[in-house]
Amino acid sequence: MKPVDFELHRPETLSEAIALLAEHGEDGKVLAGGQSLVPLLNFRLARPEHLIDLGRIASLTAIRRTPQRLIIGAMVTHAQAERSVAVAQGAPLMARAFPHIAHQAIRARGTVGGSIAHGDPAAEMTAVAVALEAIMVAVGPRGTREIPARDFFIANLVTALDHDEVLTEVRIVPPAGPTGAAFEEVARRQGDFALVGAGAQVRLAQDGTIADIRICLTGVSATPHRALEAEAVLIGHAISPESTQTAADATRDVLNPSSDLHATADYRRDVAGTLVSRVVKTAVQRATFDTTSAA
Amino acid sequence: MGSNHEVHIEVNGELRTCTTEARTSLADFLRDQLGLTGTHLGCEHGVCGACTVLLNGTPIRSCIMLAAQADGQSVTTIEGLSGPDGELNGVQEAFCKTHALQCGFCTPGMVLAVQALVDNVPEPTQQDIDDAIGGNICRCTGYVQIREAIELVLGDVAKVRTSDDATVGAR
């Protein structure tokens, strides 16, 4: 399996990369960590004539934290972010999702930005971006755009990025207050793309009720699913077995997943509800622990 | 019309300078241009782990990395672990003693994944061990002897702390 011939460009600055993309138009494609794109090249499912590798652009590899923001450079690898205290504190849900992304050898090369720009609704990072209302910063010949996650994912593998734009960073607002998060998946084999994955990040009020909740699902729709229906059930209340059950049912009611070789739509729907209920419970437990350890 | 690239890669401690096509994977580069056929190619799309090599000491999949992307970096292949006359290193020796291979196809990648664990994690838990080899598919051993090899090379089974007491009881 060999990719078709292509020309590889390895620019050292962002402006060089953008100029190359502008020059090559629809024949150009950005290469980040390559853990999704290179398999597509090997299968010849992708046949770009020009690959623009961002691997030499040092400015894209930093994780920064300001009081209001966690900023993850697009070329930060999963492994780098997985080890980051700033990410663990500023985006607990993202930190919980990393161990589910393929295997260590993939996370060593794969990038947060690459995964998001690839736009696979079965991928953990796309769902996390939607749940945490991440802002994607895109730079192109017409300047810089800030694209909210809800507008970023358009269809399976289709994002709001124009062909001559580079995703440069992902911005997330860190939680304020006792917060817990959880991510769980049901997959055929550990490390495979999950049949269904679910994540939740919960912030508790002083009285133990849920002050803020974000729930997301992978693998159930053409774009990552933000489970607003389940969030609506839970927000403002303390959780109970009944409320998590109601939230699970609310999610099952709205989902319309597809069937394939690995699982039927009904199975995916059922698993999605179960995972929602599980991750919410675990996230609340962790948030409660966060409250007591802070006290 | 593809581009050619001059790459400078430190392979097993030796600086190699070669010209390679843009589309050449690191795995094909190692095998076809350097003759280091110990790196095996299974699935060629990053799923099986047979092509695992160490990039600056970290396991990566050489079938889904372009050789040109490795320019200026350090790569260790299975050939880099043994001594000048083919003497096995500690991890390789442990794999032999515990019969941690049958057909041997996954072994180079598996050994390198284990080598990185041994080098980078001082006191790995059972979870660390399973995570280290979980991305490498072995269809012969069922992983039991591979775990034994790892425990052997870590010196003493008792040293392997486990994060799950139930697992200890079952072993």
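Checking the structure you have, find out if any residue of the stretch A:40-53 is among the aliphatic types (A, V, I, L, M), more than 8 Å from every other protein chain (Cβ to nearest Cβ) and surrounded by 18 or more Cβ atoms within 10 Å (Cβ to Cβ). Yes.
A:Leu157 satisfies every condition listed in (1) under 20 Å from A:Arg69 (Cβ atoms); (2) surrounded by fewer than 24 Cβ atoms within 10 Å (Cβ to Cβ); (3) not polar (S, T, N, Q) except (1). Of all the listed residues (B:Gly104, B:Gly86, B:Gly72, B:Gly46), the sole one being part of a loop (DSSP other than H, G, I, E, B) and buried (at least 23 other Cβ atoms within 10 Å of the Cβ) is B:Gly46. Residues in the stretch A:1-25 that are over 30 Å from B:His40 (Cβ atoms) and either at pLDDT 95 or above or within 14 Å of another protein chain (Cβ to nearest Cβ) (or both): 15 in all. Among the residues of the stretch A:54-88, the one identified as among the small types (Gly, Ala, Ser), within 14 Å of another protein chain (Cβ to nearest Cβ) and surrounded by fewer than 19 Cβ atoms within 10 Å (Cβ to Cβ) is A:Ala58.
Inside the stretch B:60-86, residues that are within 21 Å of B:Leu117 (Cα to Cα) and among the small types (Gly, Ala, Ser) make up a count of 5. Just to verify a result, which residue in the stretch B:29-43, among those that are more than 13 Å from chain A (Cβ to nearest Cβ) and not in a loop (DSSP other than H, G, I, E, B), is surrounded by the most Cβ atoms within 10 Å (Cβ to Cβ)? Looking at residues that are more than 13 Å from chain A (Cβ to nearest Cβ) and not in a loop (DSSP other than H, G, I, E, B), I get B:Leu30. The residue that is surrounded by the most Cβ atoms within 10 Å (Cβ to Cβ), counting only those in the stretch A:1-33 that are closer than 25 Å to B:Ser62 by Cα and β-branched (Val, Ile, Thr), is A:Val30.
The condition (being assigned by TED's automatic domain parsing to the domain that holds B:Leu36 and surrounded by 24 or more Cβ atoms within 10 Å (Cβ to Cβ)) is satisfied by just one residue among B:Ala149, B:Ala67, B:Ala132: B:Ala67. Whether a residue is crowded, with 17+ Cβ neighbours inside 10 Å and closer than 22 Å to A:Ala79 by Cβ was assessed, and B:Val91 passes this test. Restricting the stretch B:7-28 to residues that are away from every other protein chain (no Cβ under 12 Å) and touching a Cys at 6+ places or on another chain (Cβ under 9 Å) leaves a set whose member that is surrounded by the most Cβ atoms within 10 Å (Cβ to Cβ) is B:Ile9. Comparison of B:Gln127, B:Gln115 shows that the only residue that is assigned to a helix (DSSP H, G or I), surrounded by 15 or more Cβ atoms within 10 Å (Cβ to Cβ) and modelled with pLDDT under 95 is B:Gln127. Pairs linking a residue in the stretch A:176-204 that is at positive phi to a residue that is basic (Lys, Arg), with Cβ atoms under 7 Å and 6 or more positions apart or on different chains, are A:Gly177/A:Arg203.
The residue that is nearest to the other protein chains (Cβ to nearest Cβ), among those in the stretch B:49-64 that are of a type in the set (Ser, Thr, Tyr) and buried (at least 24 other Cβ atoms within 10 Å of the Cβ), is B:Thr52.
The values are calculated or read from the model by the stated rules, or taken from the named source; none is laboratory data. Since this is a predicted model, take the numbers as computed values, not measurements. All Cβ positions, even for glycine, are placed from backbone atoms using ideal geometry, and neighbour counts span all protein chains on display.
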